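**Student:** Structure below; questions to follow.
What follows draws every value from the coordinates through simple rules; no lab data is involved. These numbers were taken from a predicted model, which means no experiment stands behind them. So basically every Cβ, Gly included, is an ideal-geometry build from the backbone, and we count neighbours across all protein chains shown.
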Amino acid sequence: MSLNAASESVTTNLALLPGFLDPVNLLNSFGTWVLVGLLLVVFIESGLLFPLLPGDSLLFTAGLIAASKSTDIEPFAPIWLLVILIPIAAILGDQVGFFIGSKGGTALFKSNDARFFKKKYIDESHAFFEKHGPITIILARFVPIVRTFAPVVAGASKMKYSLFLTYNVVGGILWGAGVTMLGYLLGQIDFIREHVDIIFIVIVLVSVLPIVIEVGKRMIKARKTPLAEATESIESQRDATS
C-alpha cells in the first residue's frame, strides 16, 4: 500500500474529518515534498499561532512510515534524519513564538473581545510560570493547542531568554524525537504492520480528541455563563434588600 492508498483508506472511513487534521492525508498532500511539508507543519504549530494541526499524530505517523520495511508503504525519509530535523523545526518554531510574544504579545492580549488572546492569559500564564518554573515549556510540548501558545506567553511574560532557550531545546528534542521514535519502534511490531489501516484511523481519532474536548468545554462554559450571571444578579439584589 502506498501512502496515497493509505490516505484514501483513512479518508473513506473518516469522511467528515477535515483533511488538515488527518495526518496521513496531510502528508500525502505534500507529494514529493513530504519531508519539507512535515517540517513546515511542525514549525507552524510550534509558534505561528495556528494550533489546529495534527502535531503529535503527524510525528507518530512519520515514525510509523519510516519503520516500513516492505513496498506496502514507502518511507519518505530515514528515521535518523527525522529525529534530527523534526526537533530543529520544533525548536525554531518556539523561538519565533517567543519573539512574537516578547515584541507584541502584550498588545495581542489587550482586547477582551479577542477570540484567543486576552490580557488575563498573560497574567495567569505568568503566575503559572512563577509557580511551576520553566519546566512548563517542556510539558507544554505534549499538550495540543497549549504548545502553540506557550512560547508566545513566555515571551509576553518576559521570561528570561536564556532560560527559555534551554528548556525549549530540551522540550523540542523530547517531543520531536520522542514521539517520532515511538511511532518507529511500534512500527516494528508485526501486529501493527499488519493492521496499518486501523492504526492510522486510531491515530486520526486520537489527534482530534483534544480539540473535541476543548470545544465541548467551551460550549458547556458558554451555557453556564448566563445562569451564573443570573444567580449573581439575584444574590446582589438579595444583599441590597437585606
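**Student:** Could I have the simple spin-label model distance between residue 146 and residue 219, label points 7 Å from Cα toward Cβ, reported in nm to one decimal?
**Tutor:** Placing both labels 7 Å beyond Cα along the Cβ direction yields 2.3 nm.
**Student:** For each pair in 131/160; 131/158; 160/217, compute the distance between the two Cα atoms and list the pairs where it is over 24 Å.
**Tutor:** Distance filter (> 24 Å) returns 160/217.
**Student:** Put a dot 7 Å past each Cα toward the Cβ at residue 198 and residue 77; how far apart are the dots in nm?
**Tutor:** Those two pseudo-labels are separated by 3.0 nm.
**Student:** Right, here's the next one. Report the calculated FRET efficiency for residue 29 and residue 188 (r = Cβ-Cβ distance, R0 = 22 Å), to the nearest 0.05.
**Tutor:** That pair, residue 29 with residue 188, gives E of 0.25.
**Student:** Which length gain, in nm to one decimal place, applies between residue 166 and residue 132 when the Cα-Cα distance is subtracted from 0.36 nm times their residue separation?
**Tutor:** Gain on extension, residue 166 to residue 132, equals 10.7 nm.
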